[in-house]
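Novice: The structure follows.
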Amino acid sequence: MIPPPAPSVPAPAQGGIGSWRLFIPVVAVALLAQLTAAQDFFGAVTKPIVLALLRACGPQASEAGGMLTVGNLEVPWSRDCAGLNLLVVLLAVTVWMQRHRRLDLGFWLRVAAAIPAALAANVARVLTVVAYRAWFFPSVESPQLHYFIGLAWLVPFAMVLVPVDARGRLVTSFELMHAAAVLALVAPMADAPGGLALTLAAVLTLAHCRLPARITPIRWIATAGWLIAALAIILAGIESFWLPWLLVCPLLIMRSWILSVTGIILLAGSQPMFQLLPFGEAVTWLGLALAGWKLLKTPESLSFATGSTRPPRPVQFSIPFAAATFCLPFLGSTFVTPERVNLHPPNTATTREIPGDGYQVRLPGQPENIGLFWYLPSGSQRHHTLKVCMKYRGIELRPASKNPAVMTDGEVWMKEFFLLPKGLVSSHADYVWATLRPGKTSGVHLIAVASCKDMTESEFATAAADLARGLPLPTKHAGLPAEGEIRGHNKPTESSL
């Protein structure tokens with residue numbers, strides 16, 4: 001049994017957090033997020049419990065070949081299904097929300113209790129996903145809704161683990177939901193290019209988020225603008241901006257921090273695409289070094305006018321509504337109905353599925369020395385540029401010398417196209433413009449590939465364009481499933497359990 005917390009000693013009105021006390025949770029959360037790339041043994045416990053509960057409820061359930069079968073459902077069971085990601089986020093939230101407290105026995109008991117709590121939360125999450133798919137068969141949840149289900153089960157368990165301070169459970173829960181939403185977005189990005197720098201930038205910015213003792217009119221006005229920005233993100237489908245959007249919540253962020261040079265750099269560093277820009281990761285590390293030096297030099301620079309009493313009633317009344325906005329990064333895209341478009345390769349093509357919602361396609365009459373890859377969108381997200389896509393796979397591309405539209409790593413030529421219902425698009429800028437309207441399909445990302453030894457870049461550019469122009473355009477039809485829905489085996493294009 002976890003002992004009750006000692007009487008809370010709130011931070012003084014202008015008190016600071018010692019630099020060493022800050023760096024412990026910052027480093028701990030960053031390292032925990034990095035564990036998402038580690039080997040997962042959590043599934044050895046999760047899977048038997050899920051199967052036993054499903055069988056107890058009646059449906060015939062079994063698992064074989066990485067596929068969980070429940071009645072007429074076949075749902076892929078991946079490493080994420082085991083719940084390591086959920087465990088990491090719950091551990092991180094538990095550590096983070098106690099960062100102002102002593103590292104006593106109660107602290108470590110709560111950290112230890114996060115492990116069985118994460119197991120229970122993950123079992124509940126898996127059962128919820130299975131129930132959703134059974135109810136809405138043959139449709140599946142969107143990737144965003146999939147992540148939201150995990151967050152919805154994580155928060156109640158975190159509320160049990162985190163002690164309440166003198167400002168009351170309402171304020172503690174509000175800050176907890178914000179931290180949980182931020183960390184839930186950060187965790188999947190930890191092993192992407194620049195993931196460690198992004199994680200540290202986000203966590204250090206999160207350290208400057210705390211509900212102040214008094215919310216000024218300027219903060220309320222800024223909150224209205226913040227909500228308008230959320231609407232713009234939803235309508236434009238630029239989901240990579242959700243993490244910075246959460247971090248600058250006007251009700252929580254320290255104004256002195258977000259208006260400082262260091263704060264601006266680290267906020268930019270929390271944007272995933274910023275890490276892929278030339279020198280983006282280096283700039284983020286520079287901002288982290290500046291922030292660390294500032295904290296070591298003046299630990300009192302991180303201070304909050306928190307007070308020791310509950311906030312006024314108008315603020316207490318608004319907190320539940322404000323907390324609901326933290327769900328927008330996970331549910332926002334569900335408010336925009338996507339076009340119903342068939343984005344799969346033509347029936348005349350020979351295809352082979354490849355990781356990442358893609359196919360290797362061979363068309364009738366296709367030259368033997370040119371390969372063609374066909375990538376479906378991940379939910380409602382737009383496709384990245386070819387250079388960005390390859391950088392996620394550890395391949396650095398540069399423009400060819402004579403034709404900048406052709407990319408190369410020195411061994412192969414690559415050229416991208418985007419297949420949309422209205423036509424073929426050959427540049428990413430034109431593609432973004434064509435898909436900017438809310439609800440527009442994200443289309444197909446085509447990548448043509450050939451060895452540099454087989455042809456020149458000019459020959460390749462001509463052959464790739466001819467090949468892409470010969471493809472049939474995606475067709476729109478009201479009877480087709482929406483993007484992300486696959487009939488038959490009922491498996492999602494982006495997320496499994």
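Novice: Could you list, in sequence order, the residues of region 60-83 that are at pLDDT 70 or above and not in a loop (DSSP other than H, G, I, E, B)?
Specialist: Selection gives 61, 62, 63, 67, 68, 69, 70, 73, 74, 75, 76.
For every residue, the table says whether it meets (1) more than 20 Å from residue 348 (Cα to Cα); (2) in the same structural domain as residue 68 (by TED's automatic domain parsing); (3) crowded, with 19+ Cβ neighbours inside 10 Å; (4) at pLDDT below 85.
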| site | (1), (2), (3), (4) |
| --- | --- |
| 409 | yes, no, no, no |
| 433 | yes, no, no, yes |
| 437 | yes, no, no, yes |
| 446 | no, no, yes, no |
| 451 | yes, no, no, no |
| 458 | yes, no, no, no |
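Novice: Across region 84-107, what is the number of residues that are modelled with pLDDT under 80 and touching a Lys or Arg at 6+ places or on another chain (Cβ under 8 Å)?
Specialist: The number of residues fulfilling the criteria is 4.
Novice: Can you pull out the residues in region 207-223 that are among the charged types (D, E, K, R) and closer than 23 Å to residue 183 by Cα?
Specialist: Result: 210, single match.
Novice: Just for strands (runs of 3 or more DSSP E) wholly inside region 345-443: which have at least 2 residues that are in contact with a Ser or Thr (Cβ under 8 Å, 6 or more places away or on another chain)?
Specialist: The strands (runs of 3 or more DSSP E) meeting that bar are 358-362, 412-420.
Novice: Could I ask something else about it? For region 296-325, give me the residue count where each residue is surrounded by 18 or more Cβ atoms within 10 Å (Cβ to Cβ), out of contact with any Gly (no Cβ under 9 Å at 6 or more places or on another chain) and modelled with pLDDT under 80.
Specialist: 1
Novice: I've got another one for you. Residue 186 passes all but one of (1) surrounded by 21 or more Cβ atoms within 10 Å (Cβ to Cβ); (2) modelled with pLDDT of 85 or more; which number fails?
Specialist: Result: residue 186 passes all but (2).
Novice: Same structure again: When region 444-475 is examined, which residues are found to be within 25 Å of residue 409 (Cα to Cα) and in a strand (DSSP E or B)?
Specialist: Of everything in region 444-475, those that are within 25 Å of residue 409 (Cα to Cα) and in a strand (DSSP E or B) turn out to be 444, 445, 446, 447, 448, 449, 450, 451.
Novice: Starting from residues that are touching a helix residue (DSSP H, G or I) at 6+ places or on another chain (Cβ under 7 Å) and either part of a loop (DSSP other than H, G, I, E, B) or among the small types (Gly, Ala, Ser) (or both), keep the ones in region 238-268 and report whichever is surrounded by the fewest Cβ atoms within 10 Å (Cβ to Cβ).
Specialist: 240
Novice: Here's a follow-up. Could you identify the single residue in 267, 247 that is within 15 Å of the chain's Cα centre (by Cα), modelled with pLDDT of 90 or more and within 16 Å of residue 182 (Cα to Cα)?
Specialist: Just a single option satisfies the conditions, and that option is 247.
Novice: Name the residue, out of 442, 426, 378, that is surrounded by fewer than 20 Cβ atoms within 10 Å (Cβ to Cβ) and among the hydroxyl-bearing types (Ser, Thr, Tyr).
Specialist: 426
The values are calculated or read from the model by the stated rules, or taken from the named source; none is laboratory data. It should be emphasised that the depicted structure is a prediction, and the values quoted were computed from it without experimental measurement. Cβ atoms come from the backbone with ideal geometry, glycine included; neighbour counts cover every protein chain shown.
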